[in-house]
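Q: I am attaching a structure below and will ask some questions about it afterwards.
The values are calculated or read from the model by the stated rules, or taken from the named source; none is laboratory data. Not measured: the values here are computed from a predicted model. With ideal geometry, Cβ positions are generated from the backbone for all residues, glycine too; neighbour counts draw on all protein chains shown. Heads up: the accessible areas ignore ligands, DNA and RNA and are worked out on the full protein's heavy atoms, side chains in. Shrake-Rupley method; radii C 1.70, N 1.55, O 1.52, S 1.80 Å.
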2 protein chains.
Amino acid sequence: MYEGPVQDLIDELGKLPGVGPKSAQRIAFHLLQVEPPEIDRLQAVLQKIRDGVRFCVQCGTVADGELCRICADPRRDRSMICVVEEPKDVPAIERTREFRGRYHVLGGALDPLSGVGPEQLRIRELLTRIGNQDDGVDVTEVIIATDPNTEGEATATYLVRMLRDFPGLTVTRLASGLPMGGDLEFADELTLGRAFSGRRAL
Amino acid sequence: MYEGPVQDLIDELGKLPGVGPKSAQRIAFHLLQVEPPEIDRLQAVLQKIRDGVRFCVQCGTVADGELCRICADPRRDRSMICVVEEPKDVPAIERTREFRGRYHVLGGALDPLSGVGPEQLRIRELLTRIGNQDDGVDVTEVIIATDPNTEGEATATYLVRMLRDFPGLTVTRLASGLPMGGDLEFADELTLGRAFSGRRAL
């Protein structure tokens, strides 16, 4: 619809997830009007991302150095490892302030149809971490926090099988149930079923 | 929440219009995973935008050369000029296929509180275009297609006053009324009022 670089920019922006044609146009015209230093900053961070982002050698999340801030923090409990699928799950759990242990990022979930088997995930690294003690401390609990969907559940089941032979290790899974603040009548049947089977004595 | 360039990228993306923190994070992790050439293409178009975009010397819309494709097209009717606020209004009208004349982009609407007076808009250029004939053809109709809001209406009123002394020139305004496919009961009172005052004999 537009001529020259404006249309090229709209096309490139439209390839980004969650950016439809209208948003792409809105962002493009915004960028036409901003001061050049603002575009420079965007270009600079894109260049850094293009040059490669570092991942923590221990847990696999995004890091600025060899270890991420959490793995490098001596105050974090080394006896607990929370296993998540992606780096973006780490800040989500951190925001709850419920967990003071460390993380292990798998890099996805088992999905044989898309060619993701155990070898494609950081499962061997997890077993090594637990087997070698995590930084000199016995790991006593692994919390599996994969997504509550088909792939995440399959991954959890696989991990339980791999972990059950470690002596003195408890393997737990995040609870499934009704979301807080929600309305029981609007919960889907799978969630409501899980809430029933996971009911607790008061 | 993240370390290093990933957080910087999320911060920069979050400054774009319509991109909230969640979308910024989603786009950032998408860009972490794409192939470098995709980032290169995004960088290249940003660079072109940064170097400056050309605007049609006649109508003021985004152009690849001196004239935009519409002004350069000899098949477009030179006796009609449709006045819009922004370049993005041009493709919106083009999609209707109702208009075969040419455009004039004001570059905004009158908004004294934000310091936008007639001098800040391309109004003098419009008067020159009409006074000099548009490319050798008498302009017989100017269609004012500014937005149907306070600033757009004020701009339309101002333009009518400036244009009424041109001999043989009809000045029209896009109709306001109920949007097609909408429900009368959900129309706001201003729109419904306009639909009444603009009613037509059948």
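Q: More than 10 Å from chain B (Cβ to nearest Cβ), open to solvent by 20 Å² or more (accessible area, probe 1.4 Å) and in a helix (DSSP H, G or I): is that true of A:Leu32 in this structure?
A: Criteria not met by A:Leu32.
Q: For the stretch B:57-160, which helices (runs of 4 or more DSSP H) that fit wholly inside it have 1 or more residues that are in contact (Cβ under 8 Å) with a residue 12 or more places away in the chain and under 26 Å from B:Met180 (Cα atoms)?
A: In the stretch B:57-160, B:89-96 are the helices (runs of 4 or more DSSP H) which contain 1 or more residues that are in contact (Cβ under 8 Å) with a residue 12 or more places away in the chain and under 26 Å from B:Met180 (Cα atoms).
Q: Consider B:Thr155 carefully, then state whether it is out of contact with any Asp or Glu (no Cβ under 6 Å at 6 or more places or on another chain) and of a type outside the set (Gly, Ala, Ser).
A: Answer is yes for this residue.
Q: Just one of the numbered conditions (1) on the phi > 0 side of the Ramachandran plot; (2) modelled with pLDDT of 90 or more; (3) more than 14 Å from chain B (Cβ to nearest Cβ) is not true of A:Gly136; which one?
A: A:Gly136 satisfies every listed condition except (2).
Q: Can you tell me which residue in the stretch B:35-48 is farthest from the other protein chains (Cβ to nearest Cβ), limited to those that are of a type outside the set (Asp, Glu) and open to solvent by 40 Å² or more (accessible area, probe 1.4 Å)? I'd like the intermediate steps shown before the answer.
A: We begin by selecting, within the stretch B:35-48, every residue of a type outside the set (Asp, Glu); these are B:36-37, B:39, B:41-48.
If we keep only those that are open to solvent by 40 Å² or more (accessible area, probe 1.4 Å) as well, we get B:36-37, B:41, B:44, B:47-48.
Numbers: B:Pro36: 5, B:Pro37: 10, B:Arg41: 6, B:Ala44: 8, B:Gln47: 7, B:Lys48: 4 Å.
Filtering first and then ranking leaves B:Pro37.
Q: Quick check on A:Val142: is it within 14 Å of chain B (Cβ to nearest Cβ) and either crowded, with 20+ Cβ neighbours inside 10 Å or over 18 Å from B:Gln33 (Cβ atoms) (or both)? Walk me through how you get there before you give the answer.
A: On the way: within 14 Å of chain B (Cβ to nearest Cβ): no; either crowded, with 20+ Cβ neighbours inside 10 Å or over 18 Å from B:Gln33 (Cβ atoms) (or both): yes.
Spelling it out, it is not the case that A:Val142 is within 14 Å of chain B (Cβ to nearest Cβ) and either crowded, with 20+ Cβ neighbours inside 10 Å or over 18 Å from B:Gln33 (Cβ atoms) (or both).
Q: Then there is this: Within the group B:Glu38, B:Glu3, which residue is touching a Cys at 6+ places or on another chain (Cβ under 8 Å) and either free of Cβ contacts under 8 Å to residues at least 60 places away in the same chain or not assigned by TED's automatic domain parsing to the domain that holds B:Glu153 (or both)?
A: Within the list B:Glu38, B:Glu3, the selection yields B:Glu3.
Per-residue answers, yes or no, for (1) in contact with a helix residue (DSSP H, G or I) (Cβ under 9 Å, 6 or more places away or on another chain); (2) within 7 Å of chain B (Cβ to nearest Cβ); (3) open to solvent by 20 Å² or more (accessible area, probe 1.4 Å):
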residue	(1), (2), (3)
A:Gly20	no, no, yes
A:Arg50	yes, yes, yes
A:Gly60	yes, no, no
A:Asp64	yes, yes, yes
A:Cys71	no, no, no
A:Ile81	yes, no, no
A:Pro87	yes, no, no
A:Ala92	no, no, yes
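Q: Mind listing whichever residues of the stretch A:1-18 are at the interface with chain B (Cβ under 7 Å from one of its Cβ atoms) and hydrophobic (A, V, I, L, M, F, W, C)?
A: Within the stretch A:1-18, A:Met1, A:Val6, A:Leu9, A:Leu16 qualify.
Q: Here is a further query. Can you report the number of residues in the stretch B:94-107 which are more than 11 Å from chain A (Cβ to nearest Cβ) and either within 14 Å of B:Thr155 (Cα to Cα) or β-branched (Val, Ile, Thr) (or both)?
A: 4
Q: Can I ask one more? Given (1) of a type in the set (A, V, I, L, M, F, W, C); (2) open to solvent by 50 Å² or more (accessible area, probe 1.4 Å); (3) under 15 Å from B:Cys82 (Cα atoms); (4) over 18 Å from the mean Cα position of the chain (by Cα), identify the lone condition not met by B:Leu174.
A: (4)
Q: Working only within the stretch B:114-139, note down all residues that are more than 19 Å from the chain's Cα centre (by Cα), open to solvent by 50 Å² or more (accessible area, probe 1.4 Å) and among the acidic types (Asp, Glu).
A: B:Asp135, B:Asp138
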